[in-house]
Amino acid sequence: MYYNTIIAWAVYYTFASFRSEVPWARCNNEWNTNTCVSAVEGFNKSLINNSSTLAASEYYLYSALEIQKSTGIDNLGGVKWSLCLCLLAVFVIVYFSMWKGIQSSGKAVWITATVPYVVLTILLVRGCTLDGALNGIQYYITPKWERLSDPEVWIDAAAQIFFSLGPGFGTLLALSSYNKFHNNCYMYYGGLESVITGVCDAFPHLKKKRELFVFLVMVYCFLGGIPTTTYGGQYLIALFDTHAAPVPLLFICFIEVIAVSWFYGIQNFSNDIEKMLGFQPGLYWKICWVAICPLFLLVLCILSIGAYQGISIGTYKFPFWSEVLGWCITCSSIACIPLYAIYMLINTNGSFKEIRLLVINEPTENKEDSIMTNEDTV
């Protein structure tokens, strides 16, 4: 929900850039401070004690967000309607990309999957033609080996991998449920698709009115995202970005790999893959699923909790109640797994071992048909 606000910022910047000179290039604007320095005008001011700020940073904070009109997370201020309209535009695009299901989102992927590479290529070529480009490239590719001992580096790297590849969000599972049973998963939008597909699977009658259901989901998410478009919306996004993603994602993926490799059984899982692809995964994959991945995920999860030092933006430190709220958000995502496991244990007859055998054997009887359920609706 909150991540679409970040996309709304990109939309805002897109419209703001349609001028001969972008507004964040110089320090002669009404929102700039006395400590502003501009790369265009040259760094002719001394950067003493890191007190100076770039013109681009001041544009982001004081013009795009207008964060100066908010005193903190306990006083967000009013809604910045230009950002709110950008957020609305994002949800309209998402709706028309998903309202017909995998048919519409599949076509949207042709754009969302290719445009970023085109834009990045253009930016790369443009960047290489600028003065000092070689120094920038050298700085980028020169490793700082001493940073490997910093837990934050590993935590940030893991978070970026999760955001890039999508494990733990449910999106890959939702989209792959529309594939043919024998689709090659080695070959080859929409985080909301995981929610929509899951709810539609639980309540099949919603599939008949998917357009209306998707519309209601978009309205709900848009209304929930409006507070992030206030003048202090950056504080909310920092709160969610710190507590709603890193630890829950690591924990969820840790439980997933344990459930598949240890409870369901790595051999059962390998047999399922063989039925779908015609061959079993190699020993490398089995070792990763059984030992390496669970160990790394557990260590990163513990490190991310241990390295937590509170949330701050610049000199503003979040109050204690917001920290408590943040950890409640973290626990709300994590608690769903053990609570549902306890619910199933209470409502399923038999011992723990019998229930485990039931979970392992029940889906295999008609596994191909069950996996092809969503494929038939495409």
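What's the exposure ranking of 156, 241, going from fewest to most Cβ atoms within 10 Å? Write out the running numbers ahead of the final one.
Working: 156 13, 241 16.
The most exposed by this proxy come first: 156, 241.
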Seminar exercise, completed: The set of residues whose placed amide H lies less than 5 Å from the amide H of residue 54, leaving out same-chain residues fewer than 5 positions away, is 37
Exercise. Which chymotrypsin sites (Phe, Trp or Tyr not before Pro) from the range 267-338 combine a DSSP loop assignment with at most 12 other Cβ atoms within 10 Å?
Worked result: 279
For this session: Between beta-carbons, use under 10 Å as the cut-off and find the net charge around residue 78, counting Lys and Arg +1, Asp and Glu -1.
Result: +1
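Taking the range 205-344, how much of its Cα-Cα pair set, in percent, is spaced more than 28 angstrom apart?
Numbers: 4296 of 9730 pairs.
The share of Cα pairs beyond 28 Å in the range 205-344 comes to 44 percent.
Read-outs throughout are calculated quantities, based only on the coordinates presented, and are distinct from any laboratory measurement. Computed from a prediction, not measured in an experiment: that's the story for all the values here. Note that we place each Cβ from the backbone using ideal geometry, even for glycine, and neighbour counts take in every protein chain shown.
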